[in-house]
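Written out below as structure tokens is the structure these notes cover.
Each reported figure results from applying straightforward, stated rules to the coordinates on display, with no laboratory input. This structure is a prediction, so every number in the text was calculated from the model and none was measured. Don't worry about glycine lacking a Cβ; one is built from the backbone with ideal geometry, like all the others, and counts go over all protein chains shown.
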Amino acid sequence: MAKLLSELAAHVGGQIDGDPSLQIEGLAGLSEAARGQLSFFSNRRYRREFESTRASAVLVDAKTARPAGTTVVKVDNPQLAFARLSQLFFPPQKFPAGIDARALVHAEAAVDPSATVMAGAVVERGAVVGPRAVIFGGAHVGEQARIGEGTVLHPNAVVYAQCVVGARCILHAGSVVGADGFGFAFDPGTPQHVKIPQAGIARLEDDVELGACSCVDRATLGETVVGRGTKIDNLVQIAHNVKVGPLSLLCAQAGISGSSTLGAGVVLGGQVGIAGHLELGDLAKVAAQAGVGHDIEPGGVVGGSPAYDAAVWKRASVVTQQLPDMLKELRALRRRVEELEKQSDKGSRTP
Amino acid sequence: MAKLLSELAAHVGGQIDGDPSLQIEGLAGLSEAARGQLSFFSNRRYRREFESTRASAVLVDAKTARPAGTTVVKVDNPQLAFARLSQLFFPPQKFPAGIDARALVHAEAAVDPSATVMAGAVVERGAVVGPRAVIFGGAHVGEQARIGEGTVLHPNAVVYAQCVVGARCILHAGSVVGADGFGFAFDPGTPQHVKIPQAGIARLEDDVELGACSCVDRATLGETVVGRGTKIDNLVQIAHNVKVGPLSLLCAQAGISGSSTLGAGVVLGGQVGIAGHLELGDLAKVAAQAGVGHDIEPGGVVGGSPAYDAAVWKRASVVTQQLPDMLKELRALRRRVEELEKQSDKGSRTP
Amino acid sequence: MAKLLSELAAHVGGQIDGDPSLQIEGLAGLSEAARGQLSFFSNRRYRREFESTRASAVLVDAKTARPAGTTVVKVDNPQLAFARLSQLFFPPQKFPAGIDARALVHAEAAVDPSATVMAGAVVERGAVVGPRAVIFGGAHVGEQARIGEGTVLHPNAVVYAQCVVGARCILHAGSVVGADGFGFAFDPGTPQHVKIPQAGIARLEDDVELGACSCVDRATLGETVVGRGTKIDNLVQIAHNVKVGPLSLLCAQAGISGSSTLGAGVVLGGQVGIAGHLELGDLAKVAAQAGVGHDIEPGGVVGGSPAYDAAVWKRASVVTQQLPDMLKELRALRRRVEELEKQSDKGSRTP
């Protein structure tokens, strides 16, 4: 299982400064690494850990000097190189093809012979499960839903009827694709909230990862879409008719309200909220816990609730802490000005 | 499947301005609609889309003039009319009555013969499943729980033991009714958090919709209640002993802490937090991401974290962005006042 | 089922002031209690309810006087005493040992004979289920995962492969232990977010309670850990490589980003967010909805987003509401100072 450092370096196009004949037995963080392991250093915050690591070799960027007694592998992007090497050491688990006798697969479902459907998985009528897809026990593929090639549904992930999941997607446990959007019209006569049927679908493009207990609602009409290669953390809410562009990152517990559109490469921090019917341009970034109530132009960076320019928000946040002092100062100044005005008034009257 | 416009108009009590003999094949949003489709216009923000829509007919309110070349149907409430027509076009799916052989139904459960219990559904001892209820695979009805007439439990929805779900409710995938409330008493001796048994139940009244991965905890003693016709979005948390009144709307990722009471027709925006032991009066409205720490009187509208009057909050939020400038101004003023004081002092001494 | 008050008092080391021969039939809140029931009074906010309760007896602290016509039981900690008595009245449900014929247990799993595995539960290859553990239908124990003695997995709780759950834990419905952490490295060449394999595990120590739909991600390398006796509410997110110390309380919808470390006895309010790579010292407290971006020292109490000292935050929050008035005042002062400066200037020129 050990791998030669020179081979690992070649795999990521890195230059070795040190001993290329090292045998690498595994990967570890800088502080946890033992002899024989490879680590990486990309966040300056961990310089001390880098300098005291026991790792036999460390992936670093071109500008980082080799500490005495260590071997480094210089690469353009240490984190990316670490990801690629980690994929060598931890290849995805393979599952035997076939439908378990205790899986609950409808006779009219189309499961590719190379797919794995485990005991307790449910695949309903008309559903399609693509080549090498993996459906864990308790996962649910609704009527006429389609699961792409190589996609994994972890235990208890649910894809509602008619919804579409692309190739190489990962749906973590408890995630839900295609539940009804939250759409009602109030009838004051009855009175009741009349349900607007959610007759559209939800569609995940290829290479999407959806975190545990995250929800992508089906559209009222048409489609809710998560774009190619977008990664979604746990407990995220994506409402009906939202469009998320490709290669976006949505951190845990973020929520996007109905009909909003996110461009490519958008980043939402944790617990961010996006109001409905907005447009966030390509590469927009939203700081954690921000609440976005207006469109964001491409490349815009915002923070705060309600959200505005992040640089201003950071300064304003610091000032917020001084508000009690500011109020005190303001009152003191008012008194001093009143005093000055009295004197000035006296002065002007005296002569 | 196409329907005559005059019949659709009659169904919602609307007046046609244009061609009543149109054949309507489906519904669509203003921008997506094609010839032969019906749309609706109720949000002024979409005036441009309304004026350029290709829909053959559009539901509008009484005040909206018909654009040239379009047919409009005038109704009191275009969104409500759209909901009713949408229900005509997309009636709820019917499922064959009966218990699938691969459903896991306890011998001592009482399932109405008209109910549908699918493969992989679990119905435990003493549970009652009402007429025409639908229990999807992976959904779970605990011991002595009761599911009302026509209620649907989507895949992997869970109703804990003894809990009660009314008629015509919809529980989306992964929703949980009746998990233990978060109640502990700290014992510094051991030390440990001693669990307070959560011996009450959770009860959803009729016509409640509960979104995917939303949670309604059981009461410590007594009941947690969600009132008739209240609609709850995804990933919402309702803690033990909360009472939510009828016809409320709780948007995604909102949370209500223990023992708080919401009146009728309350609206919580997304990601709202309500502290424990509070009362929110009828028709109270809470803006998205607000954090409510005090009671709200009937009809009150609040925003902010901590929350206060929404109108003031909106003004204050705008000013927040100017805080760095305000601080600068305050310091400049202080210097100017000091200067004036010096001069005034000099002035009063000089003569 | 009724119990003698003197015996109940003895069980919690309490002193009866009143009638020790009362027969207690059950427990209830102060307002709901009927004759024959026992209640408790610990929150001063409920004094009125205490004074008008119909409970036959009330647990109170040493300082609380007995109202006329009531019996009180004086204890050090009424809430703790109530918890202990409640455990007498509502002992945890017992389940018959054994594996249901319709459970989906792999031949190579090791299930203790005293454990209960219900119909529809999944236990995968190499998994270990300890003595008296209870696995409900739809719950999932992944390959080589380990479930400790007396631990309960409620319906549809999921423990991923290799993860470890200690003794006497409670995992509520829809909770997820060990889904992949959110780790990617961006490759601008392809472009794509390259997945960093999440090759570590998640581990819950003994006596942990995990709320419905809460998620504890597995580590990238090493372990994500929730310490002994820590209690976690619903819809909480715990990211990869987080360490939560023992006896902490994490309220609903809180989220902790990757690699942060919480000490012992930490309390996070509802909807709190903790950024990544931080340290929160023992007994740190974070107010609801706060967003923590810096380390917190032991015993520190913070609020706000971004968070700072809670006492200052409370004062600043009050002032925030006065911001529009402050801005108006500031502008008025500026005009008055300008006027004074003009006069002063004139005055200094006049002579």
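List of remarks:
- A full extension of the chain between residue A:125 and residue A:279 corresponds to an added length of 51.7 nm, given 0.36 nm per residue minus the alpha carbon distance.
- Inter-chain Cβ neighbour average for residues C:247-254, partner chain, 10 Å: 6
- Whole-angstrom gap from the stretch B:286-317 to the stretch C:167-209, using each part's C-alpha centre: 36
- Partner chain coverage, peptide B:259-265 - average Cβ within 10 angstrom: 1
- Neighbour counting of Cβ atoms within 10 Å sorts the residues C:152, A:312, fewest neighbours leading, into A:312, C:152.
- Dividing the summed -39500 (n - 2.57) terms of all DSSP H runs of n ≥ 4 by the residue count of chain B sets its mean residue ellipticity at 222 nm at -5500 deg cm²/dmol.
- Distance from the Cα centroid of the stretch B:1-24 to that of the stretch C:217-260 is 57 Å (rounded to whole angstrom).
- When DSSP beta bridges are restricted to pairs lying wholly in chain C, around 15% turn out antiparallel.
- Sorted shortest first, the distances from the residue C:143 label point to those of the same residue in the other copies are 3.5, 3.5 nm; each point sits 7 Å from Cα along Cα-to-Cβ.
- Residue-averaged beta-carbon neighbours from other chains (10 angstrom radius) around C:224-231: 2
- With its label point put 7 Å out from Cα toward Cβ, residue A:277 sits 4.1, 4.1 nm from the same residue's point in the other copies, in order from shortest.
- Per-residue Cβ neighbour counts within 10 Å put C:213, A:251 in the sequence A:251, C:213, beginning with the fewest.
- Sorted peptide list for A:222-229, B:159-166, C:22-29, C:66-73, criterion being average Cβ within 10 angstrom, highest first: B:159-166, A:222-229, C:22-29, C:66-73
- Over 27 Å between alpha carbons, listed pairs A:94/B:94; A:195/B:94; A:63/A:231: A:94/B:94; A:63/A:231
- Among beta bridges that DSSP assigns inside the protein assembly as shown, antiparallel share in %, nearest 5: 15
- Computed extension length for residue C:328-residue C:143: 60.1 nm, one decimal, from 0.36 nm per residue of separation with the Cα-Cα distance subtracted.
- Amide proton proximity set for residue C:170, modelled H, under 5 Å, gap of 5+: C:152, C:208, C:209, C:210
- Among B:87-95, A:334-342, B:236-244, the peptide with the highest mean count of other Cβ atoms within 10 Å heads the list, and the full ranking is B:236-244, A:334-342, B:87-95.
- Inter-copy label distances at residue C:110 (7 Å, Cα→Cβ; nm, one decimal): 4.6, 4.6
- Here chain C is treated with +1 on each Lys and Arg Cβ and -1 on each Asp and Glu Cβ, and its dipole about the Cα centre works out to around 1180 debye.
- GNM top mover of A:106, A:193, A:140 - chain A, alpha-carbon springs below 10 Å: A:193
- For the stretch B:79-117 versus the stretch C:40-117, the gap between their alpha-carbon centres in whole angstrom: 38
- Shape category assigned to the stretch A:210-280 from the gyration tensor of Cα positions, a/c cut at 1.5: rounded
- Counting only residues at least eight positions apart within a chain, or on another chain, the aspartates and glutamates with an alpha carbon under 15 Å from that of residue B:74 are B:7, B:17, B:19, B:61.
- Among B:126, B:183, B:14, the largest mean-square fluctuation in a Gaussian network model of chain B, built with springs joining Cα atoms closer than 10 Å, belongs to B:14.
- Between the amide H of residue C:184 and those of C:196, distances stay under 5 Å, these residues lying 5 or more places away or on another chain, with hydrogens modeled in the peptide plane.
- The alpha-carbon of residue C:314 sits under 25 angstrom from the alpha-carbons of these lysines, leaving out residues fewer than 8 places away in its chain: A:314, A:328, B:285, B:314, B:328, C:285, C:328.
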